[in-house]
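Reading through the structure tokens given below for one structure.
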Amino acid sequence: MVSDYHVSQTSTLKRSSISLDQVTLGALELLATKWNTSKSEVIRRAVRKFKEDEAMKACRMTPIQAMEWLQENGITQEQADNMKEEIRLERLAKKYWWE
């Protein structure tokens, strides 16, 4: 979730020119109205959010790394059973409409 960070009084803002298509501009205006803020603030929030998301991706384990961690650190039988049940329920929920 994007924090309610606002540019402080001491921050220096730089003016920039960007080109947006009509769909993106409409979405930008809609968000600015919905959030009761400027279009510039919407863009700042979006850029911060994408930057945070990219940082989180860099910290995420791959499936192989997760398996190696589990093998090295172990889990209890109860934890393993809970994981199996969660996976089973998840798979059931993703059945095709014809099944």
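No value in this document is a laboratory result; all are computed from the given coordinates. Quick caveat, the model's predicted, so the values are computed rather than measured. Cβ: placed from backbone, ideal geometry, glycine included. Neighbour counts: every protein chain shown.
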Notebook entry, point to check: Among the listed residues Arg88, Arg45, which satisfies the condition of being in a helix (DSSP H, G or I) and farther than 30 Å from Ile18 by Cβ?
Noted result: Arg88
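This table checks each residue for (1) loosely packed, with under 10 Cβ neighbours inside 10 Å; (2) in a helix (DSSP H, G or I); (3) touching a residue at least 40 places away in the same chain (Cβ under 8 Å); (4) under 19 Å from the mean Cα position of the chain (by Cα).
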{"position": "Glu29", "(1), (2), (3), (4)": "no, yes, no, no"}
{"position": "Ala32", "(1), (2), (3), (4)": "no, yes, no, no"}
{"position": "Lys49", "(1), (2), (3), (4)": "no, yes, yes, yes"}
{"position": "Ala58", "(1), (2), (3), (4)": "yes, yes, no, yes"}
{"position": "Glu68", "(1), (2), (3), (4)": "no, yes, no, no"}
{"position": "Asp81", "(1), (2), (3), (4)": "no, yes, no, no"}
